[in-house]
1. Within segment 37-55, take every residue that is surrounded by 16 or more Cβ atoms within 10 Å (Cβ to Cβ) and assigned to a loop (DSSP other than H, G, I, E, B) and give me the one that is modelled with the highest pLDDT.
2. (1) at pLDDT below 90; (2) within 17 Å of the chain's Cα centre (by Cα): which one isn't true of Gly67, the others all being true?
3. Filter segment 145-164 down to residues that are within 18 Å of Val114 (Cα to Cα) and either acidic (Asp, Glu) or at pLDDT below 75 (or both), then give me how many there are.
4. Looking at Ala112, Ala126, Ala80, which is the one that is at pLDDT 80 or above, outside any strand (DSSP E or B) and either of a type outside the set (Phe, Trp, Tyr) or open to solvent by less than 40 Å² (accessible area, probe 1.4 Å) (or both)?
5. Looking at Ala171, Ala167, which one is open to solvent by 40 Å² or more (accessible area, probe 1.4 Å) and at pLDDT below 75?
6. Look through Ala102, Ala121 and report the one residue that is at pLDDT below 85, open to solvent by 40 Å² or more (accessible area, probe 1.4 Å) and either part of a strand (DSSP E or B) or acidic (Asp, Glu) (or both).
Amino acid sequence: RQGLYFDGDRGGNGISNLLVQTPQGTVFFGAWFTGSSDRKPTWNIVQGLLVDNQVVAPVYRYSKRQGSAFAVDRRTIGTATITLLESERFLFSWSIGTRSGAEHMQYLVPGAGVTPNRTGAWYAPAESGWGQVLSQFPGDGGVSTTFVVHYLYDAIGEPRLARGQAARLSAPVNTLAPPRHG
């Protein structure tokens, strides 16, 4: 199931599970929202072909090129494996440098769905390198709720994230940057 996923034992982190059909096969796109070693909110991208319910792919780190409005640089910082377990659960394991880990990821709001559903990754093609991932689900009183994570850059070009939630897609999204530690 496409949308935002998280590990219930490790709040504040998550990854998108978005599947794109291409001539080469089904491509998994995961915007991985996490924290850097100095505890600042950051994001990485995991993208690769889905083969036999598994993705083995590089982990990419993006940064905004100084002096340019939208140019970004991408470097490979590690590898990840995504193993689809059920329609709303998957195992996410990763290795970056000397660090590695694994998490059981679950759908943000199990069983939920709305129509029309705009769950997915959104970006401005002329400004590639940043965007937002959103999940929509039923909210109070039958009004759909939109949960959104923005992936963008700070003043020095480092990848940062902000999250928000709105009662309907046309409403303003109250966005919060996760607390800075350190």
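1. If we take residues in segment 37-55 being surrounded by 16 or more Cβ atoms within 10 Å (Cβ to Cβ) and assigned to a loop (DSSP other than H, G, I, E, B), then Leu50 is modelled with the highest pLDDT.
2. Here Gly67 meets the rest and fails (2).
3. 0
4. Values: Ala112 fails: at pLDDT 80 or above; Ala80 fails: outside any strand (DSSP E or B).
On inspection, the qualifying residue turns out to be Ala126.
5. Working: Ala171 fails: open to solvent by 40 Å² or more (accessible area, probe 1.4 Å).
Sole residue among the options that is open to solvent by 40 Å² or more (accessible area, probe 1.4 Å) and at pLDDT below 75: Ala167.
6. Working: Ala102 fails: at pLDDT below 85.
Exactly one of Ala102, Ala121 is at pLDDT below 85, open to solvent by 40 Å² or more (accessible area, probe 1.4 Å) and either part of a strand (DSSP E or B) or acidic (Asp, Glu) (or both), namely Ala121.
Residue-wise test of (1) assigned to a strand (DSSP E or B); (2) buried (at least 17 other Cβ atoms within 10 Å of the Cβ).
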residue: Ala57; (1), (2): yes, yes
residue: Gly67; (1), (2): no, no
residue: Asp73; (1), (2): yes, no
residue: Thr76; (1), (2): yes, no
residue: Leu85; (1), (2): yes, no
residue: Phe90; (1), (2): yes, yes
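The values are calculated or read from the model by the stated rules, or taken from the named source; none is laboratory data. Keep in mind it's a predicted model, so treat the numbers as computed, not measured. When we count neighbours, we look across all protein chains shown, and the Cβ atoms used for this are built from the backbone with ideal geometry, even at glycine. With ligands, DNA and RNA removed, areas are computed over all heavy atoms of the protein, side chains included. Shrake-Rupley method; radii C 1.70, N 1.55, O 1.52, S 1.80 Å.
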